[in-house]
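> Handing you a structure now.
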């Protein structure tokens, strides 16, 4: 028998042994962990919440990294929030938006330029227009900003027509 270990030394030794086992049996360890998380979602949510309470800087960093790598999802979430806050319909899907862009051949509905397109509400949110396929046209950033919350400068043929 070796020298008597203190509680701290014993815990450290056990942690190291557990790490070695985990890496030696990586697939089964991950499967076991995944199964446990699926069987106990409320415990997992509590663990994640506690982790982020203890590490708010890490949460901000991860959130920012996700936002940078998913700009379309961030834009969609912001748009959804703005629409729902006003109690307006929000039924536009990603596929519908892609179909609208294809219908306009990737060009701005107002000036016809090929540019990075944004979703423009023909009837603005502030005037009761929702985010639906029948109220959205693709517009370049400058045309969308210039239009603001006014009606379109010239009649626009909608891809899904009203």
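The values are calculated or read from the model by the stated rules, or taken from the named source; none is laboratory data. Source: prediction; values computed, not measured. Neighbour counts are summed over all protein chains in view; Cβ atoms, including those assigned to glycine, are modelled from backbone coordinates with ideal geometry.
> Only one of 92, 88 is in contact with a strand residue (DSSP E or B) (Cβ under 6 Å, 6 or more places away or on another chain), within 30 Å of residue 117 (Cα to Cα) and in contact (Cβ under 8 Å) with a residue 24 or more places away in the chain; which?
It is 92.
> Report, by residue number, each residue of the range 99-135 that is touching a strand residue (DSSP E or B) at 6+ places or on another chain (Cβ under 9 Å), free of Cβ contacts under 8 Å to residues at least 40 places away in the same chain and part of a loop (DSSP other than H, G, I, E, B).
105, 106, 108, 111, 113, 115, 116, 122, 135
Condition check ((1) modelled with pLDDT under 95; (2) within 30 Å of residue 94 (Cα to Cα); (3) surrounded by 10 or more Cβ atoms within 10 Å (Cβ to Cβ)) across all residues:
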| site | (1), (2), (3) |
| --- | --- |
| 3 | yes, no, no |
| 6 | yes, no, no |
| 44 | yes, no, yes |
| 52 | yes, no, yes |
| 59 | yes, yes, yes |
| 65 | no, yes, yes |
| 70 | yes, yes, yes |
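> Given (1) out of contact with any helix residue (DSSP H, G or I) (no Cβ under 9 Å at 6 or more places or on another chain); (2) surrounded by 11 or more Cβ atoms within 10 Å (Cβ to Cβ); (3) modelled with pLDDT of 90 or more, where does residue 115 come up short, assuming only one miss?
So the condition that residue 115 fails would be (1).
> Also, I was wondering about something else. Give just the number: which of (1) more than 20 Å from residue 156 (Cβ to Cβ); (2) at pLDDT 90 or above; (3) out of contact with any helix residue (DSSP H, G or I) (no Cβ under 7 Å at 6 or more places or on another chain) does residue 76 not satisfy?
Just one mismatch for residue 76, condition (2).
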